[in-house]
Structures are given as C-alpha cells and as structure tokens.
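Taking it in order: structure first as structure tokens, then the write-up.
Values quoted throughout were computed directly from the atomic coordinates according to the rules given, and no laboratory measurement underlies them. All of these numbers come straight from a predicted model, not from anything done at the bench. Here the Cβ positions follow ideal geometry from the backbone for every residue, glycine too, while neighbour counts run over all protein chains shown.
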C-alpha cells in the first residue's frame, strides 16, 4: 500500500530555495527587508554597496537583487546598467523616487509579487515613522543611457548590449565574464564601469577602491590619453566628498601669468583687467576634490604657493591680505616622470612628496592590448548613438592589434571615428578604413 504523504510530512517536497541580495547603505532598511523576505522563505544576503552586491552575485547568482535609492560607492544608474548587462537573468528592483526608471525588461521572477510586497511593507514602516512622508516609488531597474565618461579613456562606460563585433568568441566573451571566471578575479575590487579584464587595469581599479574613501592626496601618473582624468573622477565618485564638487584645472592649458589668479582667485583691481573679484578654483572646490591635471607644467614660483596651501589649508587671493581656510582633497596627474623632475630640480621635491602620498599608474594601451577588442566594441557603441552601429572585420581588428598606439586609448577612439567616416554608409569597417593618420603621398 502506498504511503500517504499526509501521514508523513517529511515526504512533502521542499520549496525551492529563493535567494535575494539587498544592497543599501541603510542598515535598518536592509534589516526590515531581510525580516520580511525571510518570513516569505527567502534567503537574504545583506550588502552595503554596489561592489559587494556584484561580488555576491558573481559567486552565486541570486534570484533577485534589491537596490536602495542610493549607493555609497558607485552612481546608481551606472551600476544598474552594468549589472543588468552582466546578470540579465537576475530580477533587479530599485526604490528610486527621482530617476523615473521605466520597465523595459522581459525577464520576471516568478516570485516578483513577493519582492514587491516586501518593498511595500518597508515603505509602510518608513511612511509611518516619517509621519506621512512621501510614498516610495518602487520601480523596475533598467539600464539607463548616460553620456560617455570622457573621450579616449580606458575607464569608460560599458557598451549597449545590442552592439556586436565579429571577433573570436574568447575575446568577446570577456565583456561578460562568466561567474566561474569571476570567482578567480577580485570581483569586489573591479569597478563596474571599467572596460577590460587585464591585470594592470584591475590593479588601477583596486587602487582606486582602496584610497577613494580617504583624504590622502593621490598622484596619477601615466602617458597622455590613458585615462588619468577618469581615474580622478572615479576617486571623487567613490569618496565621502562625492556630493561636493570635483573641480579640475589643467595647469598646462592656462598661461603662467593667469594661472595663480585662476587657482587662488583675486580681488577687484588686483591686476590689469581685474574689473571684479573672482573666486579661484581651489576655493570653488571647498568640501570636495581639486584635480590638478598636468601638475608637472606648473611654474616653480607657483609651486611654492601651492605647497603653502597644501601644508596649511589656507589660501590668499591675489591682491588680498586675508587668508581663507579651505577644505579640499587634492588629486594631481602628470604624464611626466615627476620623481625624476624632483631630483633634477625642475619640480619642487617637497611638493612632490606632499602630492605623491599614494600613486596610481594608468597603463599605456600597448600594456593591455588584450582589452583592445572590448574598447573597440565600446567606442563603436558610442558612435552608434548618432549613426547606425558599425561592425568591424577580423582583418581590421588585426591591423588595430598590430599598431603601437603612441596616443593610447584616445588615439584608438580617433582612429575608429575616422574609420567610421571613411566607411560611409557601409555597415562594416574593413582594414581599408583603418587609417592611423599617415597621409598617403
């Protein structure tokens, strides 16, 4: 006689384990959501930011990821877009009342209503405690189109999912590394917006994450076109000063006679043409980050005044006798060997040691050519916002791989833009259109 399952409860099939990751800087929000989902037979992993959520998902892909309206270590829209590209099978929900994210994803968890119920339960608690606070908007998170992070840099946004380049499978699959390979990589160190999986680029990402939360001065060294400005942007975005301004100044682009006034500000009548007073770039960055690009081009006389500010935190406007206290974190960048310049007397050694407390090196493109196919894919995708997306042949890619790239990633972007123009209405870029700027006789 067949045993009855009613008489033996242990014979009942167990419900499939459902896992969710909750990413929020708010511990009470995570705890409330964890309690509600646990009561619905979910297993919940709580994480504080986007990097931890990425690492947990890479180790064991969850059923769902719930992201709060703000992440402390990365911009929310950037994280949402990159996560959905790499983990399209994960249901992703966010509670963001500001960005107005609209649902465009076909994938839905069969337990989606439980997730929405848990979110609304947390909303009710928040609303009650805030005494009729505005209702929380619970929306599906989708990849958001954002402007490119800059021209010619290795630290750039990921490409649209529909872009494809006819390369070998190994090269293109690196764009969405499977979780088995992710387990072998320091996934918690990699910036989601970083294109490429070469060791030197992972090291850049790791160093950014290590030093970003501190106020330590950082010197970014690397050849022209290798992404120094984007490293500075990443350091600021992941810092506690991210809500304050990031003020950049190129020390090589401003005439020496005006650079001091541009940095420190000036009073009315301080010099010929100063018809009114002006706040300098340093003061404008108060509470935030000051980025001194091409610091090696700063005149020695001005280096002395900058050193006094770095040591005291006080500045004196041109033409003014009063000192102003300013709180900034200083990032500097150079394509020159600044340590050698300090030894030779072309740069003040005392200022160098003040700025170079922590070093980050942005590698030349020839040092991570294995990332070139992904960069090509990214730039072609960017161009696809203004024209039909073009593909590239294997022969054209071979020409790109064989080039020395003295202009680094910036040169790669320009070569691809030139090739897209030369290709005209054709949908494919061939080796014939790959022109490195050498004019034929």
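Couple of notes before you dig in:
- Placing dummy labels 7 Å off each Cα toward the beta-carbon, the span from residue 300 to residue 252 is 2.1 nm.
- When both segment 317-362 and segment 27-73 are represented by their alpha-carbon centers, they are found 41 Å apart.
- For peptides 240-249, 314-323, sequence by mean Cβ density within 10 Å, most packed first: 240-249, 314-323
- Segment 328-441: relative contact order as a whole-number percent, Cα under 8 Å and 6+ apart: 22 percent
- Ranked by the mean number of other Cβ atoms within 10 Å of their residues, highest first, the peptides 364-370, 230-236 come out as 230-236, 364-370.
- As a length-normalised measure over Cα pairs under 8 Å and 6 or more apart, the relative contact order of segment 243-342 settles at 33 percent.
- Packing order of peptides 385-396, 66-77, highest average first: 66-77, 385-396 (average count of other Cβ atoms within 10 Å over each peptide's residues).
- Rg and Dmax, both from the Cα atoms of segment 331-389 and both in Å, are 18.2, 53.
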